[in-house]
Amino acid sequence: MEKKQIYIVILLFVFILGCKTKDVNTQYRDDFRSISEKEKEVFLKQYHATSSDKSVLILTQGYKGEKITAKQEEKPIYSNYPITNLKTKLADYFAFSNESNLFIYDQFSKKEIVIPSDKAKKYKFIYLLKKYKGDTADFSITYSNTLRPLK
């Protein structure tokens with residue numbers, strides 16, 4: 001009986017590792033430098049993200065002007081050609097409803113990244129970093145409740 005349980009646990013472990021997306025690295029962090037609460041409130045008001053049903057997606061490093069689109073429930077909510085500012089390491093940001101999944105499509109890499117609503121509800125700020133590897137790109141998502149300095 002114990003061998004069967006061990007076998008099942010090993011099989012589940014292998015299955016979980018095998019299903020992990022190679023292209024998206026996920027982190028949960030609140031340990032970086034943040035702006036003041038007053039600046040954070042002003043930012044959230046400016047982007048209409050003060051309510052608990054809103055989160056902010058922040059495009060950080062690696063954006064070179066390729067088209068990025070974001071959809072929720074098949075409705076486009078963002079479409080732009082962001083370019084990362086080399087000083088601030090930020091490209092663009094926008095608020096979205098965390099009540100449904102957010103689908104982000106990168107035209108260069110032809111990849112779709114999904115921000116699940118259950119995770120977005122727990123975190124106010126979601127940082128999306130893009131790293132180039134040859135003629136493709138990998139992404140890193142950082143979920144946080146800390147807004148880092150934007151300037």
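The values are calculated or read from the model by the stated rules, or taken from the named source; none is laboratory data. Predicted, not measured: the structure shown is a model, and the values here were computed from it. Positions of Cβ are backbone-derived with ideal geometry, glycine not excepted, and every protein chain shown enters the neighbour counts. When the accessible area is computed, the model is the full protein with side chains, heavy atoms only, and any ligands, DNA or RNA have been set aside. Shrake-Rupley method; radii C 1.70, N 1.55, O 1.52, S 1.80 Å.
Would you please put 48-60, 91-103 in order of how densely packed they are, using the mean number of other Cβ atoms within 10 angstrom per residue and starting with the highest?
Details: 48-60: 17.0, 91-103: 18.8.
Averaged packing, sorted descending, gives the order 91-103, 48-60.
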Worksheet entry | Projected-area mean, segment 76-151, by convex hull of Cα positions, square nanometres | 5.4
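On a 1.4 Å probe surface of the protein chains, which of Arg29, Arg148 comes out largest in accessible area, and what is the full order?
Numbers: Arg29 90, Arg148 55 Å².
From most exposed to least exposed: Arg29, Arg148.
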Practice prompt. At a Cα cut-off below 24 Å, give the lysines reachable from Lys64, other chains included and same-chain residues fewer than 8 away excluded.
Written response: Lys22, Lys87, Lys89, Lys110, Lys111, Lys130, Lys131, Lys133, Lys151
